[in-house]
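Asks: Handing you this structure, nothing more for now.
The values are calculated or read from the model by the stated rules, or taken from the named source; none is laboratory data. Not measured: the values here are computed from a predicted model. Backbone-built Cβ (ideal geometry, glycine too); neighbour counts: all protein chains shown. SASA here: full protein model, heavy atoms, side chains in, ligands and nucleic acids out. Shrake-Rupley method; radii C 1.70, N 1.55, O 1.52, S 1.80 Å.
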Amino acid sequence: MSIQDVYQAVVDFDEDAMDDLILKELDNGTDIQQLLQEGLIAPMDYIGKQFSEGELFVPEMLMAAQTMKKGLVILKPKLGAGGSASSGTIVIGTVKGDLHDIGKNLVGMMLEGGGFEVIDLGVDVEPMAFVEAAKKNSAKIVGLSALLTTTMPAMEETVSAIKESGLEVKTMVGGAPVTQAFADKIGASGYSEDAPGAVELARKLML
Ligand code: B1M
C-alpha cells in the first residue's frame, strides 16, 4: 500500500477502494499534506490535462472528481486540525436566472481537488448573495458560471456588485457563452474555458 495506490484509484475512478486506501495510509502514519497533494490533487491535475487534450470527457472527469471527493471527506477534518489545509476559499455559483449546474459542479469539484475550500451557493444566485457569502467566508475569489446568453448580464451585474462592495475579492467567470473578451468587458479578474483551466486560474489569482 502506498500513496501511489490512492493516486491510481482516482485515475481508475475506483470509488469503492478509496475509503480503505485512505484509512490504511492514515494508519501507516503517512503525512496528511503529502497524501492530499500526491494522492488526491496530483491525479486530478493529470485528469484535467487529459480532459483538456481531449483524451477524457465530462463523465470520466466527474467520476474521477467523485472518487477524489470520497478521499477528501476523510482527510478534511484532519487537515483542519493541522492548519495550512486549504489553498484559500472560493465562493462559486451559477448566476441569477440560470439553472445550469453541471459545469459549475465540475469546476467546484476540480477546485476542491486542487486544494481549495469551495463554498457552493448553487444556481440562480442573486448578486448580493455572492457578496454576502464572500464576506462571511473571507473568500479570496468568487467564481461565476453562466450557460445562457440571457443570463450573461447577471454575471456583469454580479461582478459590479462585488466591486462596489469594496471587498478585496477577485472574480473568475466561465460557462459556454462566456469568452475572454466578455470577461474583460465586464471587468472580471479572469476567465477559464474549462474546469481544469479554472484550477490553474484560481492558483494564479490567489498569488
Ligand atoms: Co439548457 N441550454 N436550457 N438545460 N442546456 C443550453 C445551455 C443550450 C446551449 C441548449 C441549446 O439550445 N443548444 C441553450 C442556451 C442557448 C443560449 O443561451 N445561447 C439552453 C437553453 C435555451 C435552456 C432553456 C432556456 C430551455 C427552455 O426551457 N426553453 C432552459 C433554461 C433554464 C434556466 O437556466 N433558467 C434550459 C434548461 C436546461 C435543463 C434544466 C434541462 C438542463 C440543465 C441541467 C443542469 O444543469 N442541472 C440543460 C442542459 C443539460 C443543457 C445542455 C444540453 C448541456 C449543458 C451542460 O451541462 N454541459 C446545453 C447544451 C450544450 O451545452 N450542449 C444547454 C456540460 C457542462 C460540463 O459544460 O456547463 O459548459 P458547461 O461547463 C464547462 C465550461 O463551460 C466551463 O467548465 C465546464 C467544463 O469543464 N465552465 C466554467 C462552466 N462554468 C464555469 C465557471 C468557471 C470556469 C469555467 O469559473 C467560475
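Asks: Kindly indicate whether residue 178 is among the β-branched types (Val, Ile, Thr) and farther than 20 Å from residue 133 by Cα.
Replies: Details: among the β-branched types (Val, Ile, Thr): yes; farther than 20 Å from residue 133 by Cα: yes.
For residue 178, the condition - among the β-branched types (Val, Ile, Thr) and farther than 20 Å from residue 133 by Cα - is met.
Asks: Another one. Scan segment 31-43 and give yes if some residue there is out of contact with any Lys or Arg (no Cβ under 6 Å at 6 or more places or on another chain) and within 16 Å of the ligand (Cβ to nearest atom), otherwise no.
Replies: Pass one, segment 31-43, residues out of contact with any Lys or Arg (no Cβ under 6 Å at 6 or more places or on another chain): 31, 33-43.
Add one more test, that the residue is within 16 Å of the ligand (Cβ to nearest atom), and what stays is none.
No - not one qualifying residue is present in segment 31-43.
Asks: Taking residue 51 as meeting all but one of (1) in the same structural domain as residue 192 (by TED's automatic domain parsing); (2) within 15 Å of the ligand (Cβ to nearest atom), write down the number of the exception.
Replies: Tallying (1) in the same structural domain as residue 192 (by TED's automatic domain parsing); (2) within 15 Å of the ligand (Cβ to nearest atom), residue 51 fails exactly one: (1).
Asks: Let me ask another. Return the pairs, sorted by first residue and then second, in which the second residue is modelled with pLDDT of 85 or more and outside any helix (DSSP H, G or I), the first residue lies in segment 67-92 and is more than 29 Å from residue 127 (Cα to Cα), the beta carbons are less than 7 Å apart, and the residues are 6+ apart or on different chains.
Replies: Here the result reads 67/13; 67/14, each pair linking segment 67-92 to a residue that is modelled with pLDDT of 85 or more and outside any helix (DSSP H, G or I).
Asks: Might you check whether a residue that is assigned to a loop (DSSP other than H, G, I, E, B), open to solvent by 10 Å² or more (accessible area, probe 1.4 Å) and under 13 Å from residue 92 (Cβ atoms) occurs anywhere in segment 166-189? It would help to see each step written out before you state the result.
Replies: In the first step, residues of segment 166-189 are kept if they are assigned to a loop (DSSP other than H, G, I, E, B); the result is 166-169, 175-179, 187-189.
Still in the list and also open to solvent by 10 Å² or more (accessible area, probe 1.4 Å): 166-169, 175-177, 179, 187-189.
Those still in the list that are under 13 Å from residue 92 (Cβ atoms) too: 169, 175.
Looking through segment 166-189, at least one residue is assigned to a loop (DSSP other than H, G, I, E, B), open to solvent by 10 Å² or more (accessible area, probe 1.4 Å) and under 13 Å from residue 92 (Cβ atoms).
Asks: Can you pull out the residues in segment 11-42 that are open to solvent by 70 Å² or more (accessible area, probe 1.4 Å), acidic (Asp, Glu) and either closer than 11 Å to residue 75 by Cβ or in contact with a Phe, Trp or Tyr (Cβ under 8 Å, 6 or more places away or on another chain) (or both)?
Replies: Hit for segment 11-42 is 38, nothing else.
Asks: Would it be correct to say that residue 143 is under 18 Å from residue 199 (Cβ atoms), more than 13 Å from the ligand (Cβ to nearest atom) and within 18 Å of the chain's Cα centre (by Cα)?
Replies: Details: under 18 Å from residue 199 (Cβ atoms): yes; more than 13 Å from the ligand (Cβ to nearest atom): no; within 18 Å of the chain's Cα centre (by Cα): yes.
When the stated conditions are applied, residue 143 does not pass them.
Asks: Looking only at segment 43-80, how many residues end up being among the small types (Gly, Ala, Ser) and buried (at least 18 other Cβ atoms within 10 Å of the Cβ)? Talk me through it step by step, then tell me what you get.
Replies: From segment 43-80, those among the small types (Gly, Ala, Ser) are 48, 52, 54, 64-65, 71, 80; that's our starting set.
Applying the additional criterion that residues be buried (at least 18 other Cβ atoms within 10 Å of the Cβ) yields 48, 64-65, 71.
Final tally of qualifying residues: 4.
Asks: Which of the residues belonging to segment 104-123 are touching a strand residue (DSSP E or B) at 6+ places or on another chain (Cβ under 6 Å), over 18 Å from residue 39 (Cβ atoms) and near the ligand (Cβ under 10 Å from one of its atoms)?
Replies: Passing the criteria: 104, 108, 123.
Asks: Can I ask one more? Is it the case, given these coordinates, that residue 158 is over 18 Å from residue 107 (Cα atoms) and near the ligand (Cβ under 10 Å from one of its atoms)?
Replies: Values: over 18 Å from residue 107 (Cα atoms): yes; near the ligand (Cβ under 10 Å from one of its atoms): no.
Considered against the rule, which asks whether it is over 18 Å from residue 107 (Cα atoms) and near the ligand (Cβ under 10 Å from one of its atoms), residue 158 comes out as no.
Asks: Another question about this same structure. Answer with yes or no whether residue 186 is in contact with a strand residue (DSSP E or B) (Cβ under 6 Å, 6 or more places away or on another chain), at pLDDT 95 or above and not small (Gly, Ala, Ser).
Replies: no
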